[in-house]
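As structure tokens, the structure follows; a few thoughts come after it.
The values are calculated or read from the model by the stated rules, or taken from the named source; none is laboratory data. Remember, it's a predicted structure, so these values are computed and weren't measured experimentally. Glycine also receives a Cβ, built like all others from the backbone with ideal geometry; neighbour counts cover every protein chain displayed.
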Amino acid sequence: MAANPSMEKRLEAESVTLLKSLLEMELRRVRDDFGFDISMLIGVDGRIFATSIPDALGPSQYRLLNLVKANLPSICAQLTNESMKFSLTQYEHGVVLISPVGPRAFLVLLSGKSQDVASMDRTLAQVRGASDVLQHVFQQRPMSAEALAGYEPEIADELRRLSRRLFVEKFEETPQYRRNMDLHNYLKQELTQAVGVGSVEEFLAHAYGEVGTSTPYMKDPQWTKLVEILLARVKEAGGDVLAQQCEAKWNRETKRRLKAFV
């Protein structure tokens with residue numbers, strides 16, 4: 001089979017589950033890279049869309065989180081009615097930073113450590129960039145080169161990195177992957193019945209090699225070609241009658257299974 005090309009692949013948030021995963025990945029990055037303890041994406045209606053919160057909160061972090069929750073109606077009103085652009089507030093227990101993410105959501109970052117707000121210019125610029133990244137993801141815009149062309153290089157690079165990471169971490173949960181593995185297992189079972197266990201791996205390796213990819217990344221036309229190659233090998237091994245019997249069943253079942261995952 002062809003080598004696994006996972007590092008060249010990218011995945012877009014084509015479902016609610018993948019969208020949430022992508023948002024959480026970026027929120028984790030913001031926490032880790034920018035030195036915050038908690039990051040949250042919240043809607044202007046008060047709904048919490050995604051969070052990155054440590055398993056255990058310290059007293060300072062807990063106080064700040066409760067403070068944000070208590071002030072949430074006021075924050076939402078400022079964003080909606082007063083078009084608040086940015087907010088950095090220093091408290092005794094740390095800082096709270098709020099950055100709009102498009103017109104429907106905002107990023108909240110909490111740090112339970114004492115901060116010198118006068119020296120946070122670089123961090124603020126990074127947060128604004130992260131807000132642009134989150135807005136692109138939240139609005140489910142495509143990750144194509146054309147869609148990313150209008151961004152600053154660091155923002156486009158982060159979006160590409162996120163889509164690659166989503167592919168690596170979540171591809172096995174997608175309908176495409178489940179469909180392909182289902183078809184592979186079906187054809188392997190049918191092939192075993194037709195030609196015996198000894199020839200199955202050789203036939204499959206040859207067929208995937210001819211198609212030019214491996215099971216997880218197969219597309220519909222490639223499945224059609226793969227079945228044709230396997231049927232030709234069955235004909236060589238078992239004759240015309242066996243190949244004809246397999247052809248009708250395999251073609252029908254392959255089409256059915258491809259449609260079932262649409």
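Those residues that are in a helix (DSSP H, G or I) and surrounded by 15 or more Cβ atoms within 10 Å (Cβ to Cβ), I need them from segment 169-178; list them, please.
Start the filter on segment 169-178 by keeping residues that are in a helix (DSSP H, G or I), which leaves 169-173, 175-178.
Matches in segment 169-178: LYS170, PHE171, GLN176, TYR177.
Taking the stated definitions as given, is LEU166 outside any loop (DSSP other than H, G, I, E, B), surrounded by 14 or more Cβ atoms within 10 Å (Cβ to Cβ) and touching a Ser or Thr at 6+ places or on another chain (Cβ under 7 Å)? Walk me through how you get there before you give the answer.
Working: outside any loop (DSSP other than H, G, I, E, B): yes; surrounded by 14 or more Cβ atoms within 10 Å (Cβ to Cβ): yes; touching a Ser or Thr at 6+ places or on another chain (Cβ under 7 Å): yes.
Against the criterion (outside any loop (DSSP other than H, G, I, E, B), surrounded by 14 or more Cβ atoms within 10 Å (Cβ to Cβ) and touching a Ser or Thr at 6+ places or on another chain (Cβ under 7 Å)), LEU166 qualifies.
Under 7 Å between Cβ atoms, at least 6 apart or on separate chains: pull out the pairs that start in segment 172-191 with a residue that is in the same structural domain as ALA207 (by TED's automatic domain parsing) and under 28 Å from ALA243 (Cα atoms) and end on any residue that is among the polar types (S, T, N, Q) and surrounded by 13 or more Cβ atoms within 10 Å (Cβ to Cβ).
Going by the 7 Å Cβ cut-off, the qualifying pairs are ASN180/THR215; MET181/THR215; LEU183/THR254; HIS184/THR215.
Return the residues of segment 23-61 that are among the acidic types (Asp, Glu) and part of a helix (DSSP H, G or I); say none if nothing qualifies. It would help to see each step written out before you state the result.
Taking segment 23-61 as the starting set, the residues that turn out to be among the acidic types (Asp, Glu) are 24, 26, 32-33, 37, 45, 55.
GLU24, GLU26, ASP32, ASP33, listed by residue number.
Residue pairs, Cβ under 6 Å, 6 or more apart or interchain, first in segment 53-78 and modelled with pLDDT under 90, second surrounded by fewer than 17 Cβ atoms within 10 Å (Cβ to Cβ) and hydrophobic (A, V, I, L, M, F, W, C). List them.
So the pair list comes out as GLN78/MET84.
Please find, within segment 29-62, the residue that is surrounded by the most Cβ atoms within 10 Å (Cβ to Cβ) out of those that are more than 20 Å from PHE138 (Cα to Cα) and touching an Asp or Glu at 6+ places or on another chain (Cβ under 9 Å).
Among residues in segment 29-62 that are more than 20 Å from PHE138 (Cα to Cα) and touching an Asp or Glu at 6+ places or on another chain (Cβ under 9 Å), the one surrounded by the most Cβ atoms within 10 Å (Cβ to Cβ) is GLN61.
Out of ARG128, ARG122, report the one residue that is surrounded by 14 or more Cβ atoms within 10 Å (Cβ to Cβ) and charged (D, E, K, R).
Details: ARG122 fails: surrounded by 14 or more Cβ atoms within 10 Å (Cβ to Cβ).
Just one listed residue meets the conditions, ARG128.
What are the residues in segment 138-163 that are surrounded by 15 or more Cβ atoms within 10 Å (Cβ to Cβ) and either hydroxyl-bearing (Ser, Thr, Tyr) or touching a strand residue (DSSP E or B) at 6+ places or on another chain (Cβ under 9 Å) (or both), if any?
PHE138, TYR151, SER163
When you go through (1) without any contact (Cβ under 8 Å) to a residue 60 or more places away in the chain; (2) surrounded by fewer than 18 Cβ atoms within 10 Å (Cβ to Cβ); (3) under 20 Å from LEU88 (Cβ atoms) one by one for LYS20, which number turns out not to apply?
Every condition holds for LYS20 apart from (3).
Cβ contacts < 7 Å: first residue outside the structural domain of LEU162 (by TED's automatic domain parsing), restricted to segment 134-151; second residue assigned to a loop (DSSP other than H, G, I, E, B), any location; separation 6+ or different chain. Result?
Taking only residues 6 or more apart or on different chains, not a single pair turns up.
For segment 218-262, enumerate the residues that are surrounded by 19 or more Cβ atoms within 10 Å (Cβ to Cβ) and either under 24 Å from LYS170 (Cβ atoms) or of a type in the set (Asp, Glu) (or both).
MET218, TRP223
Provide a single number: the residues in segment 85-129 that are assigned to a loop (DSSP other than H, G, I, E, B) and either in contact (Cβ under 8 Å) with a residue 40 or more places away in the chain or under 30 Å from the mean Cα position of the chain (by Cα) (or both). Working first, answer last.
Here is the first cut: in segment 85-129, the ones assigned to a loop (DSSP other than H, G, I, E, B) are 85-86, 92-93, 102-104, 112-116, 120.
Now restrict to residues that are either in contact (Cβ under 8 Å) with a residue 40 or more places away in the chain or under 30 Å from the mean Cα position of the chain (by Cα) (or both): 85-86, 102-104, 112-113.
Final tally of qualifying residues: 7.
Being of a type outside the set (A, V, I, L, M) and more than 18 Å from MET218 (Cα to Cα) narrows it down to one residue among GLU201, GLU173, GLU169; which is it? Give the steps one after another, and end with the answer.
Numbers: GLU201 fails: more than 18 Å from MET218 (Cα to Cα); GLU173 fails: more than 18 Å from MET218 (Cα to Cα).
From the options GLU201, GLU173, GLU169, the qualifying one is GLU169.
Just give me the residues in segment 211-241 being outside any helix (DSSP H, G or I) and more than 18 Å from TYR177 (Cα to Cα), in sequence order. Before the answer, list the steps.
Restricting attention to segment 211-241, the residues satisfying the condition of being outside any helix (DSSP H, G or I) are 212-214, 218-219, 239.
Passing the criteria: only GLY239.
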